[in-house]
Amino acid sequence: MMIVRRLAAFLLTLLALCYAFPAEAADYPPPLSYSNAELKAQDFSGQSLRTAEFSNANLELTNFADADLRGTIFSASVMTQANLHGADLTYGMLDQVNLTGADLSDAILSEAILLRSIFNGTDISGADFSDAILDGAQVKELCAKASGVNSKTGVTTRDSLGCR
């Protein structure tokens, strides 16, 4: 049942990324592209960067605290020691991202794709991973350190990961 639920979330995420719904289309600005950019230690805190693309970017030490990153693509980027505290990454693509030492505390990663990403030393306290797509090994690793409740969604980190 868990696999079916995750597959459904994955397919819904793909639909959301491929087709803008008419009611929501006015809410989303044209996508910004920072692909392959050198953005080390930049400050994007509190900004609305919905549907922006940061694939293959160097985002080491970059500050995205409390940013609106819904639908944003970070595929294959380096985000070591990045600050994503309180960021909304719903429907985001963070596949193959190096998040070593990053701060994901109180972040929302609902229905995000996180396959093959690295979470060594990442702070996930209070993060909400509801219906996110993760590898089994990632879930096991994250469950070992999962704690807290997301301040916006009220979901515990352990419950959002399906920890036993």
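The values are calculated or read from the model by the stated rules, or taken from the named source; none is laboratory data. Note that this is a predicted model, so its numbers are computed, not measured. Here Cβ is always computed from backbone atoms with ideal geometry, including for glycine, and neighbour counts include all displayed protein chains. Protein only, heavy atoms only, side chains kept; ligands, DNA and RNA dropped before computing areas. Shrake-Rupley method; radii C 1.70, N 1.55, O 1.52, S 1.80 Å.
Rank by packing, highest mean first: peptides 99-105, 146-152, with packing defined as the count of other Cβ atoms within 10 Å averaged across residues. Don't skip to the end; give the middle numbers.
Working: 99-105: 22.9, 146-152: 16.0.
Descending packing order for the listed peptides: 99-105, 146-152.
Leaving out ligands, DNA and RNA, what percent of the accessible area of region 46-164 is carbon and sulfur, probe 1.4 Å?
Numbers: 2080 of 4370 Å².
Taking all protein chains in place, region 46-164 shows 48 percent carbon and sulfur surface.
Restricting attention to region 104-151, which trypsin sites (Lys or Arg not before Pro) occupy a DSSP loop and are surrounded by at most 15 other Cβ atoms within 10 Å? Before the final figure, lay out the partial values.
Working: sites: ARG116, LYS140, LYS145; in loops: ARG116, LYS145.
Sparse-neighbourhood loop trypsin sites (Lys or Arg not before Pro): ARG116, LYS145.
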